[in-house]
Every structure is written in C-alpha cells, then in structure tokens.
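The values are calculated or read from the model by the stated rules, or taken from the named source; none is laboratory data. The shown structure was predicted, so the numbers you read here are calculated from the model rather than taken from an experiment. All Cβ positions, glycine included, derive from the backbone under ideal geometry; neighbour counts span all protein chains shown.
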Amino acid sequence: MNIKNIIPPNIQLKIIKNRNYKYLRLQFKDFSTLLLTAPKHINEQECLNFLQSHKDWIITQVDSQNKITYNLLKEKIFLFGEWIDFRDTSIQNLWQDFITAKTPSLAIKTNLQTFYQKELHTYIQSSLSHWCSLMNLYPSEITYGKSIRQLGCCYSNSHKIRFSLKLSLIPKTLIDSVIIHELAHIKYPNHQKEFWNLVLTYDKNPKNIHLWLKENHGFNLYLYKRIFKN
Ligand SMILES: [Zn+2]
C-alpha cells in the first residue's frame, strides 16, 4: 500500500500525533491540506490503513472542492442546494474572496453569514406563513442557530422555533419539510404516532431530507463549516 495511491497529488497530508487524541480523525484544513490526527501509539501502518479505508471520503471531498473552484469561474454561488447565478457584484466579490482564501478571514465569514441568514430568513418567512395558515399552528417566535445536527427545534413549552442556518444550503422543498416537522411539534412535542400522521398530511416524503443529506453530506458539511464555524 502506497500513500500516493490514496492521496491525490495536489493534496498535502499532515499527520499530527498527540496522546490527548483518542481516535484517528481526518479533516481538510483548507483546499490543499488534509490533516490526520492520531493517538500517540498509532504507527505508520495503522495510519495508512485508516487512510485507505477513507479513500472514498477523501475523493468525494476533493471532488467537491474542485466543484467549488469550477463554479467560481462561472461566478455561481451555492445557495439552497444548488449553484445559482447571483447577479449582485458585491456578493460575487465576497464569494470569490471566500473561495480563494486559504482560510477565510473573520470579516469575510461574517459578511457571508449575514448574506446566508438574510436569504434563509426571507424564504422561511414566506414559507412559514403558508404552512402556518394551512396547518393552523403558529410559533411564538423564530430564531436562528448554527447547529450542524439539528436543522430545527421546537421548544415544547414556549412554542418557539429555532432553525439552523445550515438550511440555507439545503433545497427549499426540504426546508419546507423541516418547517412542517417543527410546526407539528407545537401540537405534539414527541414523535408519537399522531405526530407523524399530522406531518404526513402535509409532507408526503418526510424522509427525503435524510436521503439528500446523506448523498450531499461531505460537500454540505465542508461548506457549512467553512462559512459558519469560526
Ligand atoms: Zn422532531
């Protein structure tokens, strides 16, 4: 087994061993640096085996990054699960700064976060008013958070709903699924049978979102972290 067969030639691999690390872990530090962190006792062969078993993941990540670079040339921006022509030069410039930076500055990230939050809020406001009147369920307040795992959350006593900004990278039809799910929680706090019956009345395929996320996991997570995590 040779490392050259696992890591693409334009990617630099860095290995950091530390006794505080409990597991082997792979992550891209930027477009060209792959970082492998490992517990101190792990030897070279074990590192190689780990890399070999994650070869598909590495290829998917590199492919996603190439997609970003490719779309940069076409001046497209990734929003709501697709590459779109965003005909606003200040946003285009911001996006290009973001893509070309080795590590985007806090200023770039903050501006981009504001852009994504504004886009998401505009969509959620209009979609929410549609679903609220159809379902006759109304949240007391809408807030936004940065959760990676929880796309939405409804507080059972206050009926406040919090949406994750991660939704700004997900197709609009799937955002609707999250909205329907959270509105249904106003009536049923838990995932009991009645809850799912209510959800299915308005959303025929509530599982589509999980399928989409599974398929787009690598790229979506990569982009989300690059935009929203400091
Ligand atoms: Zn739920």
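Structural remarks
- Only one of the numbered conditions (1) farther than 18 Å from Y123 by Cα; (2) surrounded by fewer than 19 Cβ atoms within 10 Å (Cβ to Cβ); (3) not basic (K, R) is violated by P171, and that is (1).
Yes/no matrix, rows are residues, columns are (1) in contact (Cβ under 8 Å) with a residue 40 or more places away in the chain; (2) in contact with a strand residue (DSSP E or B) (Cβ under 6 Å, 6 or more places away or on another chain); (3) closer than 16 Å to Y222 by Cα:
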site: F50; (1), (2), (3): no, no, no
site: K55; (1), (2), (3): yes, no, no
site: I68; (1), (2), (3): yes, no, yes
site: F78; (1), (2), (3): yes, no, yes
site: D88; (1), (2), (3): no, no, no
site: Q113; (1), (2), (3): yes, no, yes
site: Y116; (1), (2), (3): yes, no, yes
site: S126; (1), (2), (3): no, no, no
site: L134; (1), (2), (3): yes, no, no
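- Residue within region 189-196 that is surrounded by 17 or more Cβ atoms within 10 Å (Cβ to Cβ) and either touching a Gly at 6+ places or on another chain (Cβ under 6 Å) or not small (G, A, S) (or both) present: no
- Meets criteria (over 27 Å from H54 (Cβ atoms) and away from the ligand (no atom under 13 Å from the Cβ)) for L223: no
- Count of region 1-49 residues which are small (G, A, S) and in a strand (DSSP E or B): 1
- Any chance S32 is modelled with pLDDT under 85, of a type outside the set (D, E) and crowded, with 17+ Cβ neighbours inside 10 Å: no
- Against the conditions (1) buried (at least 16 other Cβ atoms within 10 Å of the Cβ); (2) over 13 Å from the mean Cα position of the chain (by Cα); (3) of a type in the set (S, T, N, Q); (4) more than 12 Å from the ligand (Cβ to nearest atom), S177 satisfies every one except (4).
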